[in-house]
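Some notes on the structure that comes next.
The values are calculated or read from the model by the stated rules, or taken from the named source; none is laboratory data. If you're wondering where the values come from, they're calculated on a predicted model, not measured in any experiment. A quick note on method: Cβ atoms are made from the backbone with ideal geometry, for glycine too, and the neighbour counts reach across all protein chains shown.
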Amino acid sequence: MSIRVLIVDDSATARAVVREVLESDSDIEVVGVAQDAYVARDKIVELRPDVVCLDVEMPRMDGITFLKKLMVYMPTPVVMISSLTQKGARTTLEALEAGAVDFVPKPHSNIYDGIDEIREEIISKVKAAAKAKVIHKKASSIIQKVSYTALSETTDKVIAIGASTGGTEAIKDILVKLPPNIPGIVIVQHMPPNFTKSFADRLNEICSIEVKEAKNGDFLGVGKALIAPGDYHMVLRRSGARYFVEIGTGEKVSGHRPSVDVLFNSVAKTAGANAIGVILTGMGADGAKGLLAMRNAGARTIGQDENSCVVYGMPKVAYEIGGVQKQYDLDKIAEAIVRNAEEMK
């Protein structure tokens, strides 16, 4: 059966272009379009689409407000269409927090200019969204942080995390629970430029640890997390007793830049048995082979379980090839990281 999509955008040009792109794939059927949230509401009730492609900025009711209402009254997989600006990045992160499955950045002010750049991306993300779970967040105003006491050994340890679709919320769920004396963390989340900076800044505001977008040569330390910048690979290196990161370009690996496999392979070589690898929700297989390399090097490895993943792709492949020692519900991963760090000698 075809994936039935509703396009919601106040721009007639944007609606036409996105429709043209999606209908170029035989597995996708655009069942309707809407110029604002009110028309979209009625069409969602009438057409029951599998996926909604939703613009962020619209008149009468903005995309975020509409998304929040949709998630309450008729939860549906949503792919946001967002600007590449800093403002657009912040708004997109808010959309992901509100329940959007993923987003596609508009590469230019004139959507026609960059349509070939996003053709494959928007099609693949709509297909992934059609299979994704719309995660209902547990209402809680209290974050249960996990205590960590093994201070004497933290400088030798490193935690590596990789994620894609659904990963921004999964990473946030983990990092907000970690104590300030946790070993240093390196993270790859599949995101374009601008978005990773906004993502890191947002996490830094709400976490006990320091979170920043990585720069070439940044040292990793206790209570510090470095997120690979969009469109750049990140690898772990060591200078004496200290870990640091190198940032670079190069070809895409496993279809991505930054690539989780690139990071995990470097952690396997640099940290070996002093590392913990964590693979989270995401489509595809990026990170699976790298996590296996980490496990073979003596690292402890953790995978997010199917029930708590938005898309059980990357963790599934990693588990099937033997890269994952144990799978956990997302709610339990922070605790598992801390426990493994304390047990490491």
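Below is a table of values for the structure above.
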{"quantity": "Qualifying helices (runs of 4 or more DSSP H) (wholly inside the range 232-343; at least 1 residues being closer than 21 Å to LYS212 by Cα and β-branched (Val, Ile, Thr))", "calculated": "260-270, 330-343"}
{"quantity": "Subset of the range 138-149 [of a type in the set (S, T, N, Q) and either out of contact with any helix residue (DSSP H, G or I) (no Cβ under 8 Å at 6 or more places or on another chain) or at pLDDT 90 or above (or both)]", "calculated": "SER140, SER141, GLN144"}
{"quantity": "Flag for ASP42 being of a type in the set (D, E, K, R), more than 18 Å from THR13 (Cβ to Cβ) and in contact (Cβ under 8 Å) with a residue 60 or more places away in the chain", "calculated": "no"}
{"quantity": "Some residue of the range 230-252 being touching a residue at least 24 places away in the same chain (Cβ under 8 Å), out of contact with any Leu (no Cβ under 7 Å at 6 or more places or on another chain) and either closer than 15 Å to GLY167 by Cβ or not assigned by TED's automatic domain parsing to the domain that holds LEU203 (or both)", "calculated": "yes"}
{"quantity": "The range 1-31, residues that are more than 21 Å from GLU120 (Cα to Cα), free of Cβ contacts under 8 Å to residues at least 60 places away in the same chain and not in a helix (DSSP H, G or I)", "calculated": "ASP10"}
{"quantity": "Qualifying residue in the range 302-316 (condition: surrounded by 19 or more Cβ atoms within 10 Å (Cβ to Cβ), within 15 Å of VAL158 (Cβ to Cβ) and touching a residue at least 40 places away in the same chain (Cβ under 8 Å))", "calculated": "no"}
{"quantity": "Failed item in (1) acidic (Asp, Glu); (2) more than 20 Å from the chain's Cα centre (by Cα); (3) assigned to a helix (DSSP H, G or I), with GLU205 passing the rest", "calculated": "(2)"}
{"quantity": "Residue selected from the range 91-137 under the condition of a type in the set (Lys, Arg) and at pLDDT below 90, by the criterion nearest to ASP9 (Cα to Cα)", "calculated": "LYS106"}
{"quantity": "Among the residues listed as LYS224, LYS197, LYS212, the single one being surrounded by fewer than 22 Cβ atoms within 10 Å (Cβ to Cβ), touching a Leu at 6+ places or on another chain (Cβ under 9 Å) and either within 28 Å of ILE122 (Cα to Cα) or assigned by TED's automatic domain parsing to the domain that holds THR281 (or both)", "calculated": "LYS212"}
{"quantity": "Output for the range 269-280, where each listed residue is touching a Gly at 6+ places or on another chain (Cβ under 9 Å) and crowded, with 24+ Cβ neighbours inside 10 Å", "calculated": "ALA275, GLY277, VAL278, ILE279, LEU280"}
{"quantity": "Condition broken by ILE28, with the remaining ones in (1) crowded, with 18+ Cβ neighbours inside 10 Å; (2) more than 22 Å from VAL134 (Cα to Cα) satisfied", "calculated": "(2)"}
{"quantity": "Any hit, the range 41-50, residues being surrounded by 20 or more Cβ atoms within 10 Å (Cβ to Cβ), touching a Cys at 6+ places or on another chain (Cβ under 8 Å) and not aliphatic (A, V, I, L, M)", "calculated": "no"}
{"quantity": "Those residues of the range 206-250 which are within 20 Å of TYR148 (Cα to Cα) and among the β-branched types (Val, Ile, Thr), in sequence order", "calculated": "ILE206, ILE209, VAL211, VAL222"}
